[in-house]
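Remarks on the structure that follows.
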Amino acid sequence: MGLFDFVKKGAQELFIARPDDAKDLIVYKWPDPTIPMKAQLTVAEDEIAVFYKDGKFVDKVEPGRHTLETSNIPFLSLLIDNFTGGNVLKAEVWFITTREIGGKLFGGPIGDVEDPKSGVPVGLRTRGSYSLKVDDPKKVLDFFGLRSWSTDDEFEGWFKDQVKKTFRDKIAEMLVKQHMPLLDVTSGAYTEEIETTVVEAVKPHLVDYGMRMVRMGDLVIDMKEEDEVKLKSFYTDAAQLRMMGGNVQNYQAFAAGKAMLGAGEGMAKGGGGGDGGNPMLGGAGMGVGLGMAQMFNQQQQQQHGQVGMQQAPSVPQGQVGQVSCPKCGAKVAPGKFCAECGATLADKKQFCSECGKPLAAGAKFCAECGAKQP
(Lines give C-alpha, C1' and ligand atoms only; values in the text may rest on other atoms or scores of the structure.)
Protein backbone atom coordinates (compact mmCIF):
# COMPACT_ATOMS: atom_id res chain seq x y z
CA MET A 1 0.00 0.00 0.00
CA GLY A 2 1.40 3.40 -0.98
CA LEU A 3 1.58 6.37 1.33
CA PHE A 4 -1.35 8.08 -0.43
CA ASP A 5 -3.58 5.00 -0.05
CA PHE A 6 -2.65 4.70 3.62
CA VAL A 7 -3.50 8.34 4.30
CA LYS A 8 -6.77 8.01 2.37
CA LYS A 9 -7.80 4.91 4.36
CA GLY A 10 -6.94 6.62 7.63
CA ALA A 11 -9.02 9.65 6.71
CA GLN A 12 -12.01 7.46 5.90
CA GLU A 13 -11.73 5.77 9.26
CA LEU A 14 -11.73 9.13 11.03
CA PHE A 15 -14.99 10.24 9.42
CA ILE A 16 -18.02 7.97 9.84
CA ALA A 17 -21.21 8.90 7.97
CA ARG A 18 -23.77 7.43 5.65
CA PRO A 19 -22.63 7.75 2.00
CA ASP A 20 -24.80 9.68 -0.46
CA ASP A 21 -25.74 6.60 -2.49
CA ALA A 22 -27.31 5.04 0.63
CA LYS A 23 -29.51 8.00 1.61
CA ASP A 24 -32.76 6.30 0.52
CA LEU A 25 -32.14 3.09 2.47
CA ILE A 26 -34.10 2.48 5.65
CA VAL A 27 -31.07 0.85 7.25
CA TYR A 28 -27.39 1.33 6.43
CA LYS A 29 -24.61 -0.52 8.26
CA TRP A 30 -21.15 1.05 8.55
CA PRO A 31 -18.86 -1.57 7.00
CA ASP A 32 -15.95 -1.47 9.48
CA PRO A 33 -16.56 -2.52 13.13
CA THR A 34 -13.10 -1.22 14.12
CA ILE A 35 -13.46 2.50 14.86
CA PRO A 36 -10.58 4.75 15.94
CA MET A 37 -11.15 6.67 19.15
CA LYS A 38 -11.91 10.36 18.49
CA ALA A 39 -13.26 9.60 15.02
CA GLN A 40 -15.89 12.04 13.76
CA LEU A 41 -19.45 10.61 13.55
CA THR A 42 -21.94 12.59 11.44
CA VAL A 43 -25.62 11.80 11.88
CA ALA A 44 -28.01 13.59 9.49
CA GLU A 45 -31.19 15.34 10.62
CA ASP A 46 -33.40 12.60 9.17
CA GLU A 47 -31.61 9.63 10.76
CA ILE A 48 -30.24 8.20 13.96
CA ALA A 49 -27.09 6.16 14.65
CA VAL A 50 -27.41 2.99 16.72
CA PHE A 51 -24.47 1.14 18.30
CA TYR A 52 -24.40 -2.63 18.79
CA LYS A 53 -21.74 -4.87 20.32
CA ASP A 54 -21.71 -8.64 19.95
CA GLY A 55 -25.21 -8.45 18.48
CA LYS A 56 -26.64 -6.57 21.48
CA PHE A 57 -28.03 -3.05 21.53
CA VAL A 58 -25.79 -0.58 23.41
CA ASP A 59 -27.20 2.89 22.78
CA LYS A 60 -28.06 5.46 20.11
CA VAL A 61 -26.69 8.82 18.98
CA GLU A 62 -28.97 11.68 17.94
CA PRO A 63 -28.47 13.85 14.81
CA GLY A 64 -25.39 16.06 14.72
CA ARG A 65 -21.59 15.83 14.46
CA HIS A 66 -19.99 13.94 17.33
CA THR A 67 -16.41 13.17 18.36
CA LEU A 68 -16.26 9.58 19.52
CA GLU A 69 -14.65 9.79 22.94
CA THR A 70 -15.92 8.79 26.37
CA SER A 71 -15.98 12.35 27.64
CA ASN A 72 -18.64 13.22 25.05
CA ILE A 73 -20.42 9.87 24.81
CA PRO A 74 -20.13 7.91 28.07
CA PHE A 75 -21.49 4.62 26.74
CA LEU A 76 -18.42 4.32 24.47
CA SER A 77 -16.47 3.01 27.47
CA LEU A 78 -18.36 -0.25 26.96
CA LEU A 79 -16.96 -0.49 23.43
CA ILE A 80 -13.24 0.15 24.04
CA ASP A 81 -10.91 -2.55 22.79
CA ASN A 82 -8.36 -3.01 25.60
CA PHE A 83 -5.95 -4.89 23.34
CA THR A 84 -5.26 -1.65 21.47
CA GLY A 85 -4.52 0.33 24.57
CA GLY A 86 -7.92 2.02 24.50
CA ASN A 87 -7.38 3.65 21.11
CA VAL A 88 -9.95 1.62 19.19
CA LEU A 89 -13.69 1.00 19.60
CA LYS A 90 -15.18 -2.33 18.60
CA ALA A 91 -18.81 -1.80 17.57
CA GLU A 92 -21.35 -2.13 14.81
CA VAL A 93 -22.78 1.23 13.77
CA TRP A 94 -26.15 1.32 12.01
CA PHE A 95 -27.78 4.39 10.48
CA ILE A 96 -31.59 4.28 10.61
CA THR A 97 -33.61 6.70 8.45
CA THR A 98 -36.38 8.38 10.46
CA ARG A 99 -38.03 10.45 7.74
CA GLU A 100 -40.87 9.19 5.56
CA ILE A 101 -39.46 7.25 2.61
CA GLY A 102 -41.67 7.13 -0.47
CA GLY A 103 -41.50 5.54 -3.87
CA LYS A 104 -41.56 1.94 -2.64
CA LEU A 105 -43.14 -0.03 -5.49
CA PHE A 106 -45.30 -3.11 -5.26
CA GLY A 107 -47.59 -5.09 -7.55
CA GLY A 108 -48.83 -8.49 -8.59
CA PRO A 109 -51.93 -10.68 -8.73
CA ILE A 110 -54.44 -10.52 -5.90
CA GLY A 111 -56.23 -13.70 -6.98
CA ASP A 112 -59.68 -14.69 -8.19
CA VAL A 113 -62.52 -12.70 -6.61
CA GLU A 114 -66.24 -13.19 -7.22
CA ASP A 115 -68.12 -10.13 -8.44
CA PRO A 116 -70.92 -9.64 -5.87
CA LYS A 117 -73.55 -8.47 -8.38
CA SER A 118 -73.03 -11.00 -11.15
CA GLY A 119 -71.33 -13.92 -9.37
CA VAL A 120 -68.71 -13.97 -12.15
CA PRO A 121 -65.19 -14.90 -10.86
CA VAL A 122 -62.55 -12.37 -11.93
CA GLY A 123 -58.75 -12.39 -11.59
CA LEU A 124 -57.68 -9.09 -9.99
CA ARG A 125 -54.24 -7.46 -10.11
CA THR A 126 -52.81 -4.44 -8.33
CA ARG A 127 -49.82 -2.13 -8.55
CA GLY A 128 -48.75 1.13 -7.00
CA SER A 129 -46.36 2.67 -4.48
CA TYR A 130 -46.26 3.29 -0.76
CA SER A 131 -44.24 5.18 1.84
CA LEU A 132 -42.75 3.96 5.12
CA LYS A 133 -41.61 5.65 8.32
CA VAL A 134 -39.56 4.32 11.23
CA ASP A 135 -41.06 4.97 14.67
CA ASP A 136 -38.70 2.84 16.80
CA PRO A 137 -35.11 2.43 15.48
CA LYS A 138 -34.24 -0.27 18.01
CA LYS A 139 -37.13 -2.46 16.91
CA VAL A 140 -36.10 -1.95 13.31
CA LEU A 141 -32.59 -3.20 14.09
CA ASP A 142 -33.96 -6.16 16.00
CA PHE A 143 -35.97 -7.06 12.92
CA PHE A 144 -33.12 -6.64 10.47
CA GLY A 145 -30.49 -8.11 12.75
CA LEU A 146 -32.37 -11.31 13.54
CA ARG A 147 -32.49 -12.05 9.82
CA SER A 148 -28.96 -10.81 9.08
CA TRP A 149 -30.38 -8.37 6.55
CA SER A 150 -28.16 -5.47 5.61
CA THR A 151 -30.07 -4.17 2.56
CA ASP A 152 -33.60 -2.93 1.91
CA ASP A 153 -34.11 -5.37 -0.96
CA GLU A 154 -34.59 -8.36 1.30
CA PHE A 155 -36.85 -6.44 3.63
CA GLU A 156 -39.00 -5.06 0.82
CA GLY A 157 -39.55 -8.55 -0.56
CA TRP A 158 -41.01 -9.59 2.78
CA PHE A 159 -43.03 -6.40 3.16
CA LYS A 160 -44.52 -6.58 -0.34
CA ASP A 161 -45.85 -10.02 0.54
CA GLN A 162 -47.59 -8.47 3.56
CA VAL A 163 -49.11 -5.74 1.38
CA LYS A 164 -50.39 -8.21 -1.22
CA LYS A 165 -51.82 -10.49 1.47
CA THR A 166 -53.60 -7.54 3.09
CA PHE A 167 -54.92 -6.38 -0.28
CA ARG A 168 -56.31 -9.81 -1.05
CA ASP A 169 -58.01 -10.15 2.34
CA LYS A 170 -59.41 -6.62 2.54
CA ILE A 171 -60.67 -6.35 -1.03
CA ALA A 172 -62.45 -9.68 -0.69
CA GLU A 173 -63.95 -8.49 2.61
CA MET A 174 -65.08 -5.16 1.13
CA LEU A 175 -66.69 -6.89 -1.84
CA VAL A 176 -68.63 -9.25 0.42
CA LYS A 177 -69.67 -6.72 3.09
CA GLN A 178 -70.19 -3.63 0.95
CA HIS A 179 -71.20 -5.38 -2.31
CA MET A 180 -68.86 -3.26 -4.42
CA PRO A 181 -69.21 -4.12 -8.14
CA LEU A 182 -65.81 -5.09 -9.51
CA LEU A 183 -66.16 -2.78 -12.50
CA ASP A 184 -66.51 0.13 -10.05
CA VAL A 185 -63.47 -1.08 -8.10
CA THR A 186 -61.28 -1.27 -11.20
CA SER A 187 -62.56 2.09 -12.47
CA GLY A 188 -61.00 3.83 -9.47
CA ALA A 189 -64.31 4.79 -7.83
CA TYR A 190 -63.24 3.26 -4.50
CA THR A 191 -59.48 3.96 -4.64
CA GLU A 192 -59.45 6.33 -1.66
CA GLU A 193 -61.48 3.95 0.52
CA ILE A 194 -59.28 1.00 -0.43
CA GLU A 195 -56.07 2.94 0.30
CA THR A 196 -57.30 3.95 3.76
CA THR A 197 -58.42 0.42 4.57
CA VAL A 198 -55.16 -1.19 3.45
CA VAL A 199 -52.94 1.34 5.27
CA GLU A 200 -54.81 0.65 8.52
CA ALA A 201 -54.81 -3.10 7.96
CA VAL A 202 -51.02 -3.24 7.38
CA LYS A 203 -50.22 -1.51 10.68
CA PRO A 204 -50.43 -4.65 12.86
CA HIS A 205 -47.91 -6.37 10.58
CA LEU A 206 -45.31 -3.61 11.14
CA VAL A 207 -45.83 -2.27 14.64
CA ASP A 208 -43.64 -4.98 16.22
CA TYR A 209 -40.83 -3.97 13.88
CA GLY A 210 -40.97 -0.25 14.68
CA MET A 211 -42.31 0.81 11.27
CA ARG A 212 -45.57 1.91 9.71
CA MET A 213 -46.97 2.50 6.25
CA VAL A 214 -47.86 6.18 5.96
CA ARG A 215 -49.70 6.36 2.66
CA MET A 216 -50.16 4.79 -0.76
CA GLY A 217 -49.80 6.38 -4.18
CA ASP A 218 -50.63 5.65 -7.80
CA LEU A 219 -52.81 2.73 -6.73
CA VAL A 220 -54.23 0.76 -9.66
CA ILE A 221 -56.52 -2.26 -9.41
CA ASP A 222 -57.39 -3.98 -12.66
CA MET A 223 -58.39 -7.36 -14.00
CA LYS A 224 -57.32 -9.69 -16.75
CA GLU A 225 -58.45 -8.50 -20.18
CA GLU A 226 -60.49 -11.63 -20.86
CA ASP A 227 -62.21 -11.34 -17.47
CA GLU A 228 -63.09 -7.71 -18.13
CA VAL A 229 -64.68 -8.65 -21.47
CA LYS A 230 -66.62 -11.45 -19.78
CA LEU A 231 -67.88 -9.21 -16.97
CA LYS A 232 -68.89 -6.35 -19.28
CA SER A 233 -70.72 -8.82 -21.51
CA PHE A 234 -72.67 -10.05 -18.50
CA TYR A 235 -73.77 -6.54 -17.54
CA THR A 236 -74.71 -5.75 -21.14
CA ASP A 237 -76.89 -8.85 -21.25
CA ALA A 238 -78.38 -7.98 -17.87
CA ALA A 239 -79.31 -4.49 -19.09
CA GLN A 240 -81.05 -5.96 -22.15
CA LEU A 241 -82.93 -8.41 -19.94
CA ARG A 242 -84.14 -5.60 -17.69
CA MET A 243 -85.59 -3.91 -20.78
CA MET A 244 -87.37 -7.18 -21.63
CA GLY A 245 -88.92 -7.54 -18.21
CA GLY A 246 -86.21 -9.56 -16.50
CA ASN A 247 -88.37 -12.61 -15.76
CA VAL A 248 -87.47 -16.25 -16.13
CA GLN A 249 -89.28 -16.75 -19.44
CA ASN A 250 -87.53 -13.74 -20.99
CA TYR A 251 -84.16 -14.89 -19.71
CA GLN A 252 -84.64 -18.37 -21.14
CA ALA A 253 -85.73 -16.98 -24.49
CA PHE A 254 -82.85 -14.50 -24.52
CA ALA A 255 -80.24 -17.09 -23.57
CA ALA A 256 -81.53 -19.60 -26.11
CA GLY A 257 -81.69 -16.96 -28.81
CA LYS A 258 -78.16 -15.75 -28.09
CA ALA A 259 -76.86 -19.30 -28.23
CA MET A 260 -78.66 -19.90 -31.53
CA LEU A 261 -77.28 -16.65 -32.93
CA GLY A 262 -73.75 -17.66 -31.94
CA ALA A 263 -74.24 -21.02 -33.62
CA GLY A 264 -75.56 -19.29 -36.71
CA GLU A 265 -72.53 -17.00 -36.89
CA GLY A 266 -70.24 -19.99 -36.54
CA MET A 267 -72.06 -21.78 -39.37
CA ALA A 268 -71.85 -18.66 -41.53
CA LYS A 269 -68.08 -18.53 -41.07
CA GLY A 270 -67.82 -22.21 -41.89
CA GLY A 271 -65.08 -22.63 -39.34
CA GLY A 272 -62.76 -20.60 -41.54
CA GLY A 273 -63.97 -17.22 -40.40
CA GLY A 274 -65.04 -14.80 -43.03
CA ASP A 275 -65.04 -14.47 -46.78
CA GLY A 276 -64.17 -18.05 -47.62
CA GLY A 277 -67.27 -19.47 -45.92
CA ASN A 278 -69.96 -21.46 -47.69
CA PRO A 279 -72.79 -19.10 -48.84
CA MET A 280 -75.36 -21.79 -48.06
CA LEU A 281 -74.07 -21.94 -44.51
CA GLY A 282 -74.25 -18.16 -44.41
CA GLY A 283 -77.90 -18.40 -45.33
CA ALA A 284 -78.35 -20.98 -42.60
CA GLY A 285 -76.82 -18.55 -40.12
CA MET A 286 -79.27 -15.85 -41.17
CA GLY A 287 -82.09 -18.35 -40.84
CA VAL A 288 -81.04 -19.16 -37.31
CA GLY A 289 -81.02 -15.48 -36.47
CA LEU A 290 -84.50 -15.00 -37.95
CA GLY A 291 -85.71 -18.05 -36.06
CA MET A 292 -84.39 -16.53 -32.88
CA ALA A 293 -86.26 -13.28 -33.53
CA GLN A 294 -89.51 -15.13 -34.31
CA MET A 295 -89.18 -17.27 -31.19
CA PHE A 296 -88.68 -14.21 -29.03
CA ASN A 297 -91.59 -12.35 -30.66
CA GLN A 298 -93.88 -15.33 -30.02
CA GLN A 299 -92.74 -15.42 -26.42
CA GLN A 300 -93.47 -11.72 -26.04
CA GLN A 301 -96.92 -12.04 -27.66
CA GLN A 302 -97.85 -14.92 -25.37
CA GLN A 303 -96.79 -12.91 -22.35
CA HIS A 304 -98.66 -9.82 -23.51
CA GLY A 305 -101.76 -11.93 -24.08
CA GLN A 306 -101.50 -13.36 -20.58
CA VAL A 307 -101.04 -9.91 -19.12
CA GLY A 308 -104.08 -8.65 -21.07
CA MET A 309 -106.18 -11.52 -19.77
CA GLN A 310 -105.01 -10.89 -16.23
CA GLN A 311 -105.75 -7.17 -16.48
CA ALA A 312 -109.23 -7.52 -18.12
CA PRO A 313 -111.82 -5.97 -15.79
CA SER A 314 -114.20 -8.43 -14.19
CA VAL A 315 -117.93 -7.89 -13.97
CA PRO A 316 -119.37 -8.31 -10.47
CA GLN A 317 -121.37 -11.50 -10.06
CA GLY A 318 -125.14 -10.95 -10.33
CA GLN A 319 -124.90 -7.97 -12.72
CA VAL A 320 -124.27 -9.77 -16.02
CA GLY A 321 -127.13 -9.19 -18.54
CA GLN A 322 -129.30 -7.05 -16.21
CA VAL A 323 -131.76 -4.45 -17.54
CA SER A 324 -133.72 -1.65 -15.91
CA CYS A 325 -137.49 -1.96 -15.54
CA PRO A 326 -139.14 1.06 -17.27
CA LYS A 327 -141.83 1.20 -14.57
CA CYS A 328 -140.15 0.59 -11.19
CA GLY A 329 -136.49 1.07 -12.26
CA ALA A 330 -135.32 -2.18 -10.65
CA LYS A 331 -132.30 -4.01 -12.13
CA VAL A 332 -133.64 -7.40 -13.28
CA ALA A 333 -132.65 -10.18 -15.64
CA PRO A 334 -133.76 -9.76 -19.27
CA GLY A 335 -137.20 -11.18 -20.08
CA LYS A 336 -140.70 -10.21 -21.04
CA PHE A 337 -141.82 -9.12 -17.57
CA CYS A 338 -140.17 -7.38 -14.61
CA ALA A 339 -139.36 -9.76 -11.76
CA GLU A 340 -140.05 -6.98 -9.24
CA CYS A 341 -143.34 -5.36 -10.35
CA GLY A 342 -144.59 -7.59 -13.22
CA ALA A 343 -144.57 -4.74 -15.73
CA THR A 344 -143.84 -5.55 -19.36
CA LEU A 345 -140.20 -4.99 -20.24
CA ALA A 346 -139.70 -3.00 -23.43
CA ASP A 347 -138.80 -5.18 -26.40
CA LYS A 348 -138.01 -2.26 -28.58
CA LYS A 349 -134.29 -1.51 -28.60
CA GLN A 350 -133.14 1.96 -27.84
CA PHE A 351 -130.04 3.47 -29.44
CA CYS A 352 -127.63 6.18 -28.30
CA SER A 353 -128.39 9.58 -29.72
CA GLU A 354 -124.65 10.29 -30.04
CA CYS A 355 -122.83 7.11 -31.12
CA GLY A 356 -125.81 4.99 -32.24
CA LYS A 357 -124.90 1.98 -30.11
CA PRO A 358 -127.75 -0.10 -28.54
CA LEU A 359 -128.81 1.05 -25.08
CA ALA A 360 -129.97 -1.07 -22.20
CA ALA A 361 -133.63 -0.62 -21.39
CA GLY A 362 -134.17 2.49 -19.31
CA ALA A 363 -130.53 3.57 -19.54
CA LYS A 364 -129.91 7.25 -18.81
CA PHE A 365 -126.34 7.21 -20.17
CA CYS A 366 -124.71 5.36 -23.07
CA ALA A 367 -122.47 2.51 -21.90
CA GLU A 368 -120.17 3.03 -24.91
CA CYS A 369 -119.61 6.80 -25.14
CA GLY A 370 -121.14 8.01 -21.86
CA ALA A 371 -123.51 10.51 -23.53
CA LYS A 372 -126.61 11.46 -21.55
CA GLN A 373 -129.78 10.16 -23.19
CA PRO A 374 -132.89 12.29 -23.70
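The values are calculated or read from the model by the stated rules, or taken from the named source; none is laboratory data. Model, not experiment: these values are computed from the prediction. In this analysis, Cβ positions are derived from the backbone assuming ideal geometry, glycine residues included, and neighbour counts consider all displayed protein chains.
Looking at segment 88-108, which of the residues that are in contact with a helix residue (DSSP H, G or I) (Cβ under 8 Å, 6 or more places away or on another chain) and free of Cβ contacts under 8 Å to residues at least 60 places away in the same chain is surrounded by the most Cβ atoms within 10 Å (Cβ to Cβ)?
Step by step, filter segment 88-108, then rank; the result is 89.
Does residue 220 satisfy the criteria of being surrounded by fewer than 19 Cβ atoms within 10 Å (Cβ to Cβ), outside any helix (DSSP H, G or I), at pLDDT 80 or above and under 13 Å from the mean Cα position of the chain (by Cα)?
Numbers: surrounded by fewer than 19 Cβ atoms within 10 Å (Cβ to Cβ): yes; outside any helix (DSSP H, G or I): yes; at pLDDT 80 or above: yes; under 13 Å from the mean Cα position of the chain (by Cα): yes.
Answer is yes for this residue.
How about segment 67-81: which of its residues are among the acidic types (Asp, Glu) and over 19 Å from residue 43 (Cα atoms)? So that I can check it myself, show each step before the final result.
Keep residues of segment 67-81 that are among the acidic types (Asp, Glu), which gives 69, 81.
Answer for segment 67-81, where residues must be among the acidic types (Asp, Glu) and over 19 Å from residue 43 (Cα atoms): just 81.
Only one of these is under 30 Å from residue 21 (Cβ atoms), among the acidic types (Asp, Glu), at pLDDT below 80 and out of contact with any Leu (no Cβ under 6 Å at 6 or more places or on another chain): 142, 161. Name it. Talk me through it step by step, then tell me what you get.
Values: 161 fails: at pLDDT below 80.
Step by step, each of 142, 161 is checked, and only 142 is under 30 Å from residue 21 (Cβ atoms), among the acidic types (Asp, Glu), at pLDDT below 80 and out of contact with any Leu (no Cβ under 6 Å at 6 or more places or on another chain).
Just checking, how many residues over segment 164-190 are surrounded by fewer than 16 Cβ atoms within 10 Å (Cβ to Cβ) and within 20 Å of residue 129 (Cα to Cα)?
Within segment 164-190, residues that are surrounded by fewer than 16 Cβ atoms within 10 Å (Cβ to Cβ) and within 20 Å of residue 129 (Cα to Cα) number 5.
On the basis of being in a helix (DSSP H, G or I), over 22 Å from residue 113 (Cα atoms), at pLDDT below 85 and of a type in the set (Phe, Trp, Tyr), does residue 234 make the cut?
no
Taking residue 118 and the conditions (1) at pLDDT below 90; (2) in contact with a strand residue (DSSP E or B) (Cβ under 9 Å, 6 or more places away or on another chain); (3) of a type outside the set (Asp, Glu), which numbered condition does it fall short on, given that it satisfies the others?
Looking at each condition in turn, residue 118 falls short on (2).
Take residues that are under 21 Å from residue 90 (Cα atoms), modelled with pLDDT of 95 or more and assigned by TED's automatic domain parsing to the domain that holds residue 88 and tell me which of the strands (runs of 3 or more DSSP E) falling wholly in segment 1-50 contain 1 or more.
Answer list for segment 1-50: 40-43.
Just to be sure, is residue 85 under 21 Å from residue 219 (Cβ atoms), loosely packed, with under 13 Cβ neighbours inside 10 Å and at pLDDT below 85?
So residue 85 does not fit the description; no.
Does residue 179 count as at pLDDT below 90 and under 11 Å from the mean Cα position of the chain (by Cα)?
So residue 179 fits the description; yes.
Of 96, 35, 110, which residue is touching a strand residue (DSSP E or B) at 6+ places or on another chain (Cβ under 8 Å) and closer than 17 Å to residue 25 by Cβ?
Details: 35 fails: closer than 17 Å to residue 25 by Cβ; 110 fails: closer than 17 Å to residue 25 by Cβ.
Result: 96 is the single residue among 96, 35, 110 that is touching a strand residue (DSSP E or B) at 6+ places or on another chain (Cβ under 8 Å) and closer than 17 Å to residue 25 by Cβ.
Scan segment 76-108 for residues that are within 28 Å of residue 164 (Cα to Cα) and either part of a loop (DSSP other than H, G, I, E, B) or more than 40 Å from the chain's Cα centre (by Cα) (or both) and jot them down.
Answer for segment 76-108, where residues must be within 28 Å of residue 164 (Cα to Cα) and either part of a loop (DSSP other than H, G, I, E, B) or more than 40 Å from the chain's Cα centre (by Cα) (or both): 98, 99, 100.
So residue 111 passes all but one of these: (1) part of a loop (DSSP other than H, G, I, E, B); (2) at positive phi. Which condition number does it fail?
Result: residue 111 passes all but (1).
With respect to residue 69, is the statement that it is farther than 22 Å from residue 134 by Cα, modelled with pLDDT of 90 or more and surrounded by fewer than 17 Cβ atoms within 10 Å (Cβ to Cβ) true?
yes
Out of 144, 159, which single residue is part of a helix (DSSP H, G or I), in contact (Cβ under 8 Å) with a residue 60 or more places away in the chain and more than 17 Å from residue 228 (Cα to Cα)? Break it down into steps so the answer makes sense when it comes.
Values: 159 fails: in contact (Cβ under 8 Å) with a residue 60 or more places away in the chain.
Exactly one of 144, 159 is part of a helix (DSSP H, G or I), in contact (Cβ under 8 Å) with a residue 60 or more places away in the chain and more than 17 Å from residue 228 (Cα to Cα), namely 144.
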